[in-house]
Amino acid sequence: MSNSAIDISLLGRTYSINCPRGQEDALRLIAKGVEQQLSTLKTRTNNLSREELAIMAALNIGYELHEEQQKNKQYMAQMDERISLLQSTLENSLIERTAKTD
């Protein structure tokens, strides 16, 4: 898949970023979220440099990602448990049905 360059703006600076074709809207959406994080941090802490703001935003976004991954793991464990219960119930029903027809 080929790439295309798109321009995104963060804290008043424009960056040209290569992006796989078809993923441009996703990158723009992500850039918008990063810009919101940076703007919020900048408003709260005027004395941080661009680099420090970027590091803080990256840590915040990383934390959010970690939390979502943990939720996903918990959800997957719950679904595995439910599937196992369903399989067991079905197997028991089949065994009972087979025993009744014999």
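Apart from one condition, residue 43 fits all of (1) in a helix (DSSP H, G or I); (2) surrounded by 10 or more Cβ atoms within 10 Å (Cβ to Cβ); the exception is (2). Step by step: first the residues of region 21-33, then only those that are touching a strand residue (DSSP E or B) at 6+ places or on another chain (Cβ under 6 Å) and not charged (D, E, K, R), then the one that is least open to solvent (accessible area, probe 1.4 Å). Which residue is that? Restricting to residues being touching a strand residue (DSSP E or B) at 6+ places or on another chain (Cβ under 6 Å) and not charged (D, E, K, R), the top hit is 31.
Of the residues making up region 46-58, those that are open to solvent by less than 80 Å² (accessible area, probe 1.4 Å) and either polar (S, T, N, Q) or not in a helix (DSSP H, G or I) (or both) number 2.
For (1) more than 30 Å from residue 37 (Cα to Cα); (2) free of Cβ contacts under 8 Å to residues at least 24 places away in the same chain; (3) open to solvent by 100 Å² or more (accessible area, probe 1.4 Å); (4) in contact with a helix residue (DSSP H, G or I) (Cβ under 6 Å, 6 or more places away or on another chain), each residue gets a yes or a no:
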| site | (1), (2), (3), (4) |
| --- | --- |
| 64 | no, yes, no, no |
| 67 | no, yes, no, no |
| 73 | no, yes, yes, no |
| 77 | yes, yes, no, no |
| 83 | yes, yes, no, no |
| 89 | yes, yes, no, no |
| 93 | yes, yes, no, no |
| 97 | yes, yes, yes, no |
| 100 | yes, yes, yes, no |
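Condition check for residue 29 on (1) hydrophobic (A, V, I, L, M, F, W, C); (2) more than 15 Å from the chain's Cα centre (by Cα); (3) part of a helix (DSSP H, G or I): one failure, at (2).
The values are calculated or read from the model by the stated rules, or taken from the named source; none is laboratory data. Note that the structure is a prediction, hence the values are computed from the model and not measured. Here Cβ is always computed from backbone atoms with ideal geometry, including for glycine, and neighbour counts include all displayed protein chains. When the accessible area is computed, the model is the full protein with side chains, heavy atoms only, and any ligands, DNA or RNA have been set aside. Shrake-Rupley method; radii C 1.70, N 1.55, O 1.52, S 1.80 Å.
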